[in-house]
Every structure is written in C-alpha cells, then in structure tokens.
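The values are calculated or read from the model by the stated rules, or taken from the named source; none is laboratory data. Everything numeric in this text was worked out from a predicted model, so none of it was measured. Glycine gets a Cβ as well: all are built from the backbone with ideal geometry, and neighbour counts include every protein chain shown. Ligands, DNA and RNA are stripped out before the accessible areas are found, and what is left, the full protein with its side chains, is counted by its heavy atoms. Shrake-Rupley method; radii C 1.70, N 1.55, O 1.52, S 1.80 Å.
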Amino acid sequence: MEISYASGISDTPLLGITIGDMFDDIAHKFSDNEALIVHHQNIRWTYSQLKQAVEHCAKALISLGIQKGERVGIWAPNRYEWTVLQFATAKMGAILVNINPSYRVHELEYALNQSECSMLVTASQFKVSNYEEMLIELAPEILLSMPGQLKAAKLPKLKTVVSLNVQPPAGMLSWEALMEKAKLCSDETLMERQNSLSADDAINIQYTSGTTGYPKGATLSHHNILNNGYFVARTMNFTHKDRLIIPVPLYHCFGMVMGNLGCMTHGATMIYPSEGFEPLAVLQAAEQEKATAIYGVPTMFIAELETKEFNSFDLSSLRTGIMAGSPCPIEVMKKVQTLMNMSEVQVAYGMTETSPVSTQTKIGAPLEKQVSTVGQVHPHLEIKIIDQETGKTVPRGVSGEFCTRGYSVMLGYWNNEQQTNEAIDQARWMHTGDLATMDEEGYVNIVGRIKDMIIRGGENIYPREIEEFLYTHPDISDVQVIGVPDNKYGEIVVAWVKLKEGASSTEELLKEYCNGKIAHFKVPAHIKFTDSFPMTVTGKIRKVEMRAISIKELNLENLTNTKTA
C-alpha cells in the first residue's frame, strides 16, 4: 500500500544567500534588461536603474536610524515604490510588514501595533480608502509633530510616516524627501549592513486572517521567499527573456514572492498594468509589452476573457502563467490555454505560511492533471496527507489534512508562540487545515477545508474574525458566518444574525455598520435573521447545515456542482 507522501527531488540546489546579494548578482548580470515596468506611473527601468533606486532607498532608511530587524510597514496598492521598498528593506535588514490595501482603521491599528512598526510608507488613497485620513483618525498627533518624531497614544511604536502623496499632510515625509536622505549614508555603510545579514533572518511579515478573530503575522525569511519565488518561476521555465504581467496585489505572496522575486531571480521583467486589478489594463499591457506570462486568481482570468474588447488584442506572445488562490473551473482553464494562448499555464497551491507554494503543475503534464489537480510537490519540499485523529499518513486516494515541510515553512507567527506551535508540529510539519487527496502519481487535489475558511476571489476570510466584529453591534445577540458558492468570486460571505430581545434591524443597516470598518470583501453579501442556529447534540453549531439551508434559500444549488481544478 503506497502512502500519501512525496518529496521534491531537484538537481538545482537551494539558494543560500540573502535577497540583497541575489539582487546585486542579477542586476550586474542583466544590467540592461528591463526590470520594472509600471504603466500607471510611466516607469520603465532596467535592472541597473532599479538597483540605483533600491540603494538610494536602503541608504535613506539607514540614515533615518532604521536598525536591522526593525519593522517597516507598507500600505499601498501596486506601485513602483512598493517594489523599491521591498528590495531596499531586504538589502538593509529591516523587516517589511505588508499591510492589506483593503484594511480599515481597526485592522490597521492592530497590524501596526502587533508588529510594532516604527515606520509606515503609505499611499495617500486607493479606490474608496483614504489612507491619510484613516491614519490621522488613528494618530491625530501626526499633524502637530515633526516628521520622524511621532508620539501617538494609539500607535506608540510608530515614529515615521512616509506618504506617496506629492504634497503630504503635516507630520509626514514625502517619498522624495525620504529618498533625499540617502545622501546622509555612505555606500560603505550600506554594504557593511548588507554583509551583516543572514539568509535565515526574518525579512517579511504578512498578516493572514486569524481563526481567533485577529490576524496572525506569518514571519518569513530571505531563505523562505527567495527560494520559493525562484522555484515557482523555474518550474515555468523562466529566463531573463520572460515578461510577467502582475495584476495580483503585491501585499500578498502571489505578487511580491511569486511575481517580484520570481522575476528578479531570473533577470525577467515585472510589469504592473494598474494600481489594482483592471482586466482591460492587463490585456493592453500583455499586447503592448509582448508579455510571456500572466498571473491571476480564476476570477481575474474570467474577467479578462469576458472583456468586450477581448478579441481585438494580440496575445500571441503569451506562453505561461499561474492560476492560484482558489479552485479553477475547468472550462475557464481550457479557455485560458486556447483563447489567451497560455498553453503552458500552471496551477499552484500554497499558503502565506509556506512562502507560499507547496505544489505546482508542470509544463507537459497531461491536460487532465493540469485542470483537475494542484500539481505535484515542489522541489526541495516534502508533503504528506494525514488522518487528523491519529496523525498517521493516509493511503493514496484517501482524504486527510495536507501537511508540508522544508525550507518554505515560515519562521513562525510574529510574537505568537502558541499559535505557531498549533500550526507547526515538533517535526516542523506545517499543518495547513486543508483537506486533500494524493493520487498514484503524486498529484494533489484540494477537496475541502477542515476549518471554515471562506475564499472569496483569492482572499482568505475566517468567519470568526467577522463574527467578532459583528458582536460589537449593540443589537446583536449572536452571529454565525459561513461561505456559500458564488459564480464570480468562488465563495461569498453570509451572516446568520440573532438579534437581542426587543431589538430590530435590517440587512442594509448591518451592512452599513460594516462598511468602512472591516475590509470590503469581509462585509456579508447576505444577512439572514434567525431565532436559533442548527446545533449538534453536544451544543456545537452545525455550519454544514447552515450552509445547506442558505444555499437552498438563495437558490444556489446549481453552483455546488461546478467542476473545478
């Protein structure tokens, strides 16, 4: 009997260096190759130009007194400054804290304080979010402080705020003013700092929604993310001639690791078509830049295929790309392979805590495997599927919890030993909470989730977090949140609400209560008022039953049978 275990063999060794050292090697080797193209900012930089900007930024951070291991936050959509800061912090040893551009005041306050950020680089606004206003609401002291000398009651560790606004509010530095400070630091000082770093140092914190109601900061090292970005792109046969469209957000591993680090490690070109995802901008950039690859979650590819002008674009330069984030309907995958010319498009599976990718389909895999699985184990990693009760590895074909081990497993959750120990066992296996099966050839299929996580358009949403927030409403006595299937996003959020005796409310009023306080994708799409919840004999809420009832009431039965990869 063969068990559900596989290890990724590779004739290519792991990279044992820091991101900064790798970046220098690549920038020297491919100095004239285009490194970064940002359409909405009219940026077109070669590797040598990007290196110059990165070193300026790294020296500016040192001159501001940012120490090795100090946390620097970035709260912005996809822009060139995001990428410059990513490589600059890696070069001078600060830990970059990615803050979701959809965060509102409550979530921002938590992330900045939990990571103890001493500096934040922020966009002025994005879509409906005015970042500067939210910051001033949290820390009104900023308007009366000198830049770099903030003393805020609610954000005690934050000292410096850099705004990407050309004319930032009082108390904030502009990006240009930050870059000016590079003059105060010598090349030798930067080199000395860079040489003091180790590949195993923490370099990045990414917040993932927490089942406890609070996000957890997955702490990743140079070694974690540099290698994962490298092997993701290598599996796609990337070279310095590849040109990748990155419409996925940089704050997420998909953008900054699989995208930015995947390109950088091969001397390839990173292309940002717009600040946030716009299907037309992706198609325009693909044609204009003769792109060879596009990344996206399935909803993005669906939107691109459904764009009215789709047939007018020349996509003949495309070859590959990655679809990840949530299961992909098989018909969509076939259209991407044919209509978008991405015959070598791949599916990847992973999680932030594993830097992120653990499995990926390979070029040349049979079509059936490409469209119905998440691929095989990644190079240098181990995977297994276990019985949750016994911890034993299950036979092939039997479903169980997917676990992974190797260089990609995070250092831990930032300042959260208890939850780190719950996720990573003594043998360093990361327990993903996902249910999976493995076939005879080692192909993995994700069949469900042990916990109740909802994946809406690639965003991981934990019901408990929304429940905790809704409990703060004065009229709510009890609330349970579930996910139901959706044509566009894969899943959407539904809240079952029990009101306090004598209280009255409406769906509109409760949605209004959520708007602006929690990220838009967490706001329930439907709210059902109820007097009770389905329970087990032992008093546990039966979310499976709630989901079935909601699917029936919302007439979504036809969506539960959609075939996905």
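Numerical summary
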{"read-out": "Anisotropy class of segment 26-111 from Cα gyration tensor, a/c 1.5 cut", "value": "oblate"}
{"read-out": "Distant-in-sequence amide H partners of Ile43 (H built 1.01 Å from N, under 5 Å)", "value": "Val38"}
{"read-out": "Net lengthening on full extension, Leu184/Val398 (0.36 nm per residue, minus Cα-Cα)", "value": "70.9 nm"}
{"read-out": "Accessible area per residue, Å², segment 103-261 with all protein chains present, probe 1.4 Å", "value": "38 Å²"}
{"read-out": "Extended-chain gain in nm, criterion 0.36 nm per residue less alpha-carbon gap, Lys552 and Lys511", "value": "12.5 nm"}
{"read-out": "Segment 359-406 and segment 441-472: distance between their alpha carbon centers, rounded to Å", "value": "19 Å"}
{"read-out": "Cβ-based net charge around Gly8, under 15 Å, with every Lys or Arg adding one and every Asp or Glu removing one", "value": "+1"}
{"read-out": "Efficiency of FRET between His526 and Ser198 - r from beta-carbon atoms, R0 56 angstrom, step 0.05", "value": "0.70"}
{"read-out": "Solvent-accessible heavy-atom area per residue, rounded to whole Å², over segment 1-83 at 1.4 Å", "value": "43 Å²"}
{"read-out": "Burial ranking of peptide ranges 86-98, 480-492 (average Cβ count within 10 Å, highest at the top)", "value": "86-98, 480-492"}
{"read-out": "Segment 225-373 shape via C-alpha gyration tensor axes, a/c threshold 1.5", "value": "rounded"}
{"read-out": "Cβ-Cβ FRET estimate between Asn415 and Leu367, R0 fixed at 35 Å, reported to 0.05", "value": "0.15"}
{"read-out": "Heavy-atom accessible surface of the chain: percent carbon and sulfur, 1.4 Å", "value": "50 percent"}
{"read-out": "Summed residue charge, Cβ within 12 Å of Gly391's Cβ, Lys/Arg positive, Asp/Glu negative", "value": "-2"}
{"read-out": "Label-to-label distance, nm, for residues given as Met191 and Arg44 (7 Å Cα→Cβ offset)", "value": "3.4 nm"}
{"read-out": "Charge dipole of the chain about the Cα centre (unit charges at C-beta), most positive-ward option of Ile466, Phe254, Thr219", "value": "Thr219"}
{"read-out": "Probe 1.4 Å, protein heavy atoms only - accessible area per residue of segment 307-461 in square angstrom", "value": "41 Å²"}
{"read-out": "Proximal lysines relative to Lys151, as straight alpha-carbon distance under 19 Å, when same-chain residues fewer than 8 apart are discounted", "value": "Lys159"}
{"read-out": "Considering only the chain, percent of DSSP beta bridges that pair antiparallel, nearest 5", "value": "60 percent"}
{"read-out": "DSSP bridge orientation in segment 443-565 - percent antiparallel, rounded to nearest 5", "value": "75 percent"}
{"read-out": "Segment Glu309-Glu137, extension gain: residue separation times 0.36 nm, minus the distance between their alpha carbons", "value": "57.7 nm"}
{"read-out": "Cα centre as origin, Lys/Arg/Asp/Glu Cβ charges: segment 22-86 dipole, Debye", "value": "160 debye"}
{"read-out": "Rounded FRET efficiency, nearest 0.05, which uses the C-beta distance separating Asn113 from Gln149 and R0 of 22 Å", "value": "0.70"}
{"read-out": "Cβ-placed point charges (K, R +1; D, E -1), dipole of the chain about Cα centre in debye, nearest 20", "value": "120 debye"}
{"read-out": "Tally of Lys pairs whose C-alpha atoms are under 18 Å apart, taken over segment 49-135, 8 or more apart or cross-chain", "value": "5"}
